[in-house]
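Chemist: I have a structure I would like to understand better, so I am pasting it below and will then ask my questions one at a time.
The values are calculated or read from the model by the stated rules, or taken from the named source; none is laboratory data. Given the structure is predicted, the values throughout are model-derived calculations rather than measurements. Here the Cβ positions follow ideal geometry from the backbone for every residue, glycine too, while neighbour counts run over all protein chains shown.
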């Protein structure tokens, strides 16, 4: 792991933290202002922890492979994204198997940040791969 790996990793981590803080703050404000009467199965911090960890792991693996000279990282990204989808289903499985009648709010509460993180991940990876 050379200087390039660590430089890109720290840069991405700072962007991820900033993006997460803005997104979590907005999400918390909107949810608290408009849907405070709803009780949710998963707290926001668990949803954001899941997304931050999975995005960071996928970027780290791609950054590591790219830094080691492997220029074809599309397959790695696709496998990572597929694995992230499977993990999202496993994460939501307790909610889906519970006897809560209305779980739509929880599912929306999970998938809006999920897709925003996916878009962020794609944007950062494409920017990283273009500049390298």
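Chemist: Kindly establish whether residue 51 is at pLDDT 90 or above, buried (at least 18 other Cβ atoms within 10 Å of the Cβ) and within 24 Å of residue 93 (Cβ to Cβ).
Modeler: Working: at pLDDT 90 or above: yes; buried (at least 18 other Cβ atoms within 10 Å of the Cβ): yes; within 24 Å of residue 93 (Cβ to Cβ): yes.
Yes, satisfied.
Chemist: Please enumerate the residues belonging to the stretch 93-107 that are surrounded by 10 or more Cβ atoms within 10 Å (Cβ to Cβ) and part of a helix (DSSP H, G or I). Before the answer, list the steps.
Modeler: Looking only at the stretch 93-107, we keep the residues that are surrounded by 10 or more Cβ atoms within 10 Å (Cβ to Cβ), and these are 93-96, 98, 100, 103, 105-107.
Correct list: 93, 94, 95, 96, 105, 106, 107.
Chemist: Being modelled with pLDDT of 95 or more, surrounded by fewer than 11 Cβ atoms within 10 Å (Cβ to Cβ) and either part of a helix (DSSP H, G or I) or touching a helix residue (DSSP H, G or I) at 6+ places or on another chain (Cβ under 9 Å) (or both) narrows it down to one of 87, 82, 116, so name that one. Walk me through it before giving the result.
Modeler: Details: 87 fails: surrounded by fewer than 11 Cβ atoms within 10 Å (Cβ to Cβ); 116 fails: surrounded by fewer than 11 Cβ atoms within 10 Å (Cβ to Cβ).
Testing whether each residue is modelled with pLDDT of 95 or more, surrounded by fewer than 11 Cβ atoms within 10 Å (Cβ to Cβ) and either part of a helix (DSSP H, G or I) or touching a helix residue (DSSP H, G or I) at 6+ places or on another chain (Cβ under 9 Å) (or both) leaves just 82.
Chemist: Starting from the stretch 1-28, keep only residues that are farther than 14 Å from residue 62 by Cβ, then list their pairs with residues that are modelled with pLDDT of 90 or more and crowded, with 17+ Cβ neighbours inside 10 Å whose Cβ atoms are within a distance under 6 Å, requiring at least 6 positions of separation or different chains.
Modeler: 19/120; 20/52; 24/48
Chemist: Right, next: What number of residues in the stretch 29-49 are touching a residue at least 12 places away in the same chain (Cβ under 8 Å) and in a loop (DSSP other than H, G, I, E, B)?
Modeler: Qualifying residue count, the stretch 29-49: 5.
Chemist: As an exercise: evaluate residue 44 against (1) in contact with a helix residue (DSSP H, G or I) (Cβ under 9 Å, 6 or more places away or on another chain); (2) over 22 Å from residue 103 (Cα atoms); (3) modelled with pLDDT under 95 and give the number of the one condition it does not meet.
Modeler: Of everything listed in (1) in contact with a helix residue (DSSP H, G or I) (Cβ under 9 Å, 6 or more places away or on another chain); (2) over 22 Å from residue 103 (Cα atoms); (3) modelled with pLDDT under 95, residue 44 misses just condition (2).
Chemist: What is the number of the single condition among (1) within 19 Å of residue 108 (Cβ to Cβ); (2) loosely packed, with under 12 Cβ neighbours inside 10 Å that residue 74 does not meet?
Modeler: The one condition residue 74 does not meet is (1).
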